[in-house]
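The values are calculated or read from the model by the stated rules, or taken from the named source; none is laboratory data. Remember, it's a predicted structure, so these values are computed and weren't measured experimentally. So basically every Cβ, Gly included, is an ideal-geometry build from the backbone, and we count neighbours across all protein chains shown.
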Amino acid sequence: MNRKKSHEIFSHAQQLMPGGVNSPARAFGAVGGEPVVMQRGEGAYLFDVDGNRYIDYIGSWGPMILGHAHPNVTEAINTAVRQGTSFGAPTEAENTLAELIIAAVASVEKVRLVNSGTEATMSAIRLARGYTGRDVVVKFAGNYHGHVDSLLVAAGSAAATLGVPNSPGVTAGTTKDTLVLAYNDVAGLEAAFAEHGSRIAGVILEPIVGNMGTVVATPGFLKALRHLTQEHGTVLIFDEVMTGFRVAYGGAQSLNGITPDLTTLGKIVGGGMPIGAYGGKAEIMDHVLPAGKVFQAGTLSGNPIATTAGIATLTTLRAEDPYPRLEQLSERLANGLIEAAASAGVPHSLTRVGSMMTLFFNGETVTNWDSASRSDTAKFGKYFWGLIDRGVYMPCSQYEALFVSAAHTEADIDKTVEAARAAFAEL
Ligand code: KE4
């Protein structure tokens, strides 16, 4: 594929921005080569600056569940933008979006809008600590919650030891109260609560993980989590930035039946514009300033254009209910990828929930970071390039989820499977 212009623009970008990108996930670090510079999106497709078309399975890392440039969203934004882009004052659109979120996510009685998923999780952690007066927070290896200092932690040597920073610039002091446990490990959870229970302010997890590839929490793990947090007065935080409105209109919690105390949201809730949100029990949320004393603020929080995009997206999802069709298309894709990998004799496993899934280059079922990390990332990289050179744009890392949108068609899925067969044949 000719990507001459893309190369020129990216070479220039590297002189202007670290690594030439504004988020490392886009830099193709995990698959090698240069990222493709995109010009525009339309439905299920992205078009790069050289005019190449790609069937898009990243969807901006989750937000574009309706597909790119959905008319309901673009027209709503066009109308809103003529009235101004930001006032720094309350607007009715914030009420409308808050009401849509509260109506959709059963555990959310009150919500605060912020500007990103990171802001949502950072604020939820601070709220859990402020509400309980405790310091320790539990997270799980392979779960990503944005670039929150206290959550940029590598697992300590033993499961029950407190974490160590995993990024320069994050101080030992910031991570000394973060406990990193193994996902889906009930015994480890019980041991940690036995040792630290009275000090644990909150537990945060992706109830369906997207950030080690797609990994599902077992019912036993979720039940133990809810029981132990209840028993110890710990705040249970579901990070649904990726799964919210993705796996179901009510998020992962509407599928697994577990009610968290707080939920963080992002991505789809902003329809591709910068939005995050955290919400939950009013009794907890009313501790947030100015109702309570836990400080959190943001110049552009609840921004009129971002809230408009979010409202248009959620109202379209609620009205059109694309989830049954997303299930059909996603199952078709999953079956096709499995068949392509199997016929090429490539060890693989695939985990899917609704329209998010990951094909692991790993013969075992992936249940935690340890098993995910045994995937053949080199083979994944070759598969990735085999696809992108055939016009299929997959997430550029084994440790991400791919997303099907409501704009994809059976023909797109079949073209993708055909390209995958050809890519596997070259492995
Ligand atoms: P943002 O700050 O990127 O809006 O959200 C952080 C975040 C929080 N929680 C979960 C479960 C998330 O998946 C994310 C962000 N996801 C990554 C992709 N896996 C965003 C891509 C990127 O960093 O560029």
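Restrict the check to segment 191-199 and report whether at least one residue is in contact with a helix residue (DSSP H, G or I) (Cβ under 6 Å, 6 or more places away or on another chain) and either aliphatic (A, V, I, L, M) or farther than 23 Å from R126 by Cβ (or both). Spell out how you get there, then give the answer.
Going residue by residue through segment 191-199, those that are in contact with a helix residue (DSSP H, G or I) (Cβ under 6 Å, 6 or more places away or on another chain) are 193, 197.
Cutting the leftovers down to either aliphatic (A, V, I, L, M) or farther than 23 Å from R126 by Cβ (or both) gives us none.
No: segment 191-199 contains no residue that is in contact with a helix residue (DSSP H, G or I) (Cβ under 6 Å, 6 or more places away or on another chain) and either aliphatic (A, V, I, L, M) or farther than 23 Å from R126 by Cβ (or both).
Consider G250 carefully, then state whether it is modelled with pLDDT of 95 or more and closer than 30 Å to S301 by Cα. Lay out the reasoning, then the answer.
On the way: modelled with pLDDT of 95 or more: yes; closer than 30 Å to S301 by Cα: yes.
In short, yes.
What pairs come up if the first residue lies in segment 234-249 and is on the phi > 0 side of the Ramachandran plot, the second is within 12 Å of the ligand (Cβ to nearest atom), and their beta carbons are under 6 Å apart, counting only those six or more places apart or on different chains?
Final answer for the pair search is F245/I268.
So, T234, is that one within 16 Å of A124 (Cα to Cα) and surrounded by 23 or more Cβ atoms within 10 Å (Cβ to Cβ) or not? Reasoning before the result, please.
On the way: within 16 Å of A124 (Cα to Cα): yes; surrounded by 23 or more Cβ atoms within 10 Å (Cβ to Cβ): yes.
For T234, the condition - within 16 Å of A124 (Cα to Cα) and surrounded by 23 or more Cβ atoms within 10 Å (Cβ to Cβ) - is met.
Quick one: which of G381, G386 is in a helix (DSSP H, G or I) and either over 29 Å from L205 (Cβ atoms) or acidic (D, E) (or both)? Break it down into steps so the answer makes sense when it comes.
Values: G381 fails: either over 29 Å from L205 (Cβ atoms) or acidic (D, E) (or both).
The unique qualifying residue is G386.
In segment 327-355, what residues are free of Cβ contacts under 8 Å to residues at least 40 places away in the same chain, under 21 Å from E400 (Cβ atoms) and of a type outside the set (A, V, I, L, M, F, W, C)? Please lay out each step first, then the result.
First pass over segment 327-355, keeping only residues free of Cβ contacts under 8 Å to residues at least 40 places away in the same chain: 327-328, 331, 334-335, 338, 342, 345, 347-350.
Now drop any that are not under 21 Å from E400 (Cβ atoms), which leaves 327, 331, 334-335, 338, 347-350.
Of everything in segment 327-355, those that are free of Cβ contacts under 8 Å to residues at least 40 places away in the same chain, under 21 Å from E400 (Cβ atoms) and of a type outside the set (A, V, I, L, M, F, W, C) turn out to be E327, E331, N335, P347, H348, S349.
Within segment 39-77, can you find the residues that are more than 21 Å from the chain's Cα centre (by Cα) and either farther than 14 Å from G271 by Cα or of a type in the set (D, E, K, R) (or both)?
Q39, R40, E42, F47, D48, V49, D50, G51, N52, R53, Y54, E75
Yes or no: R112 out of contact with any Cys (no Cβ under 8 Å at 6 or more places or on another chain) and touching a residue at least 60 places away in the same chain (Cβ under 8 Å)? Steps first, answer last, please.
Details: out of contact with any Cys (no Cβ under 8 Å at 6 or more places or on another chain): yes; touching a residue at least 60 places away in the same chain (Cβ under 8 Å): yes.
Yes; evaluated as a whole, the condition is true for this residue.
Answer yes or no: is there a residue in segment 22-44 that is part of a loop (DSSP other than H, G, I, E, B), within 14 Å of the ligand (Cβ to nearest atom) and touching a Phe, Trp or Tyr at 6+ places or on another chain (Cβ under 8 Å). Let's see the steps before the verdict.
Quick first cut of segment 22-44, residues part of a loop (DSSP other than H, G, I, E, B) only: 22-23, 28-37, 44.
Checking the rest, the ones that are also within 14 Å of the ligand (Cβ to nearest atom) come to 22-23, 28-30, 35.
Filter once more, keeping what is touching a Phe, Trp or Tyr at 6+ places or on another chain (Cβ under 8 Å): 30, 35.
Yes, segment 22-44 has at least one match.
Determine if segment 379-390 includes at least one residue that is of a type outside the set (V, I, T), surrounded by 22 or more Cβ atoms within 10 Å (Cβ to Cβ) and touching a helix residue (DSSP H, G or I) at 6+ places or on another chain (Cβ under 8 Å).
The answer is yes, given that some residue of segment 379-390 is of a type outside the set (V, I, T), surrounded by 22 or more Cβ atoms within 10 Å (Cβ to Cβ) and touching a helix residue (DSSP H, G or I) at 6+ places or on another chain (Cβ under 8 Å).
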